[in-house]
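The structure appears right after this line, and notes come after that.
The values are calculated or read from the model by the stated rules, or taken from the named source; none is laboratory data. Model, not experiment: these values are computed from the prediction. Virtual Cβ from ideal backbone geometry, glycine too; neighbours counted across all protein chains shown.
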Amino acid sequence: MKHAGAETAQPRPTRPGDIGRRVARRRQLLGLSRQDVADRAGMAPGYVEYVESSAEAFDTVTLTRLAAALGTSAQELLGGGRDIPPGRALTAAHPALEELPEEECWSRLTPGGIGRVALSTDNGPVILPVNYRIHDGAVVYRTGTGSIPASAAGNRVAFEVDHIDEAQRSGWSVMVSGLAVRVDDQVAVEQLMRQGDPDPWAGGERDVWIGIAPTTITGRTISLPSASPPEGGPGQAAA
């Protein structure tokens, strides 16, 4: 972890982490420059720049000083509202909403993870989270015999994956629609088992494999408009 007292130039990572994005977004919402925040926090502006561009964690002293300078709390910079539904932050001015091409939809689905399957039941529509992976061009998940996700077999369903970046007021979603089928081919099941995932977080006996062959796949992304470079530009750190 890096300490706020560090005054020497820091290497600049190319991908900021959640804390850095929250610091940058809070600073921009307040209309402050990095120099303004540095003066308030008693830090070098180059170090503020480093925090905003870094993907690593920072110590309590650093977070407390930055939070005070930004009129917020260290807990908020750490994402303290993570147990409440996302999307409660103020809407960004002039957000850019775009359709994702099919190739990009597949690119975002392919790593696997957690998505939501939507299906009809005798008690009405249900949406449930499942661990999934992409296998042979289909969305595949494991579930238990007699479970609601298992009842999707033989029916048309929708499957959705998304990602929300609260700090940046941005995110994306991809939705697949298609016929859900039970994967009974033993060779395919053995291959899936050897690959080791999806490994359901819920645990327990999960010996039913469901595949969703997409008939349609769509996606959208929402992002902030490109921001102007901060005053002074990068590399203008004070001594």
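For the reader, a short list of remarks on this structure follows.
- Residue ID - nearest to the chain's Cα centre (by Cα), chosen from residues in segment 26-45 that are in contact (Cβ under 8 Å) with a residue 60 or more places away in the chain and crowded, with 22+ Cβ neighbours inside 10 Å: Arg34
- Output for segment 53-72, where each listed residue is of a type in the set (Gly, Ala, Ser) and either modelled with pLDDT of 85 or more or touching a Gly at 6+ places or on another chain (Cβ under 7 Å) (or both): Ser53, Ser54, Ala55, Ala67, Ala68, Ala69, Gly71
- Single match in Ala188, Ala238 (criterion: among the hydrophobic types (A, V, I, L, M, F, W, C), at pLDDT 70 or above, surrounded by fewer than 17 Cβ atoms within 10 Å (Cβ to Cβ) and outside any strand (DSSP E or B)): Ala188
- When segment 128-148 is filtered for residues that are in contact (Cβ under 8 Å) with a residue 24 or more places away in the chain and either of a type in the set (A, V, I, L, M, F, W, C) or within 11 Å of Gly115 (Cβ to Cβ) (or both), the ones remaining, listed by number, are Val130, Asn131, Tyr132, Arg133, Ile134, Ala138, Val139, Val140, Tyr141, Ile148.
- Tally, over segment 151-163, of residues that are of a type in the set (A, V, I, L, M), within 27 Å of the chain's Cα centre (by Cα) and buried (at least 19 other Cβ atoms within 10 Å of the Cβ): 3
- Any hit, segment 75-87, residues being modelled with pLDDT of 90 or more and not acidic (Asp, Glu): no
- Every residue from segment 50-63 that is touching a Ser or Thr at 6+ places or on another chain (Cβ under 9 Å) and not aliphatic (A, V, I, L, M): Ser53
- Cβ separations smaller than 8 Å between residues 6+ apart or across chains give the following pairs from segment 99-114 residues that are surrounded by 13 or more Cβ atoms within 10 Å (Cβ to Cβ) to residues that are in a helix (DSSP H, G or I): Leu100/Arg108.
- Filter result for Leu224 (at pLDDT 95 or above and surrounded by fewer than 18 Cβ atoms within 10 Å (Cβ to Cβ)): no
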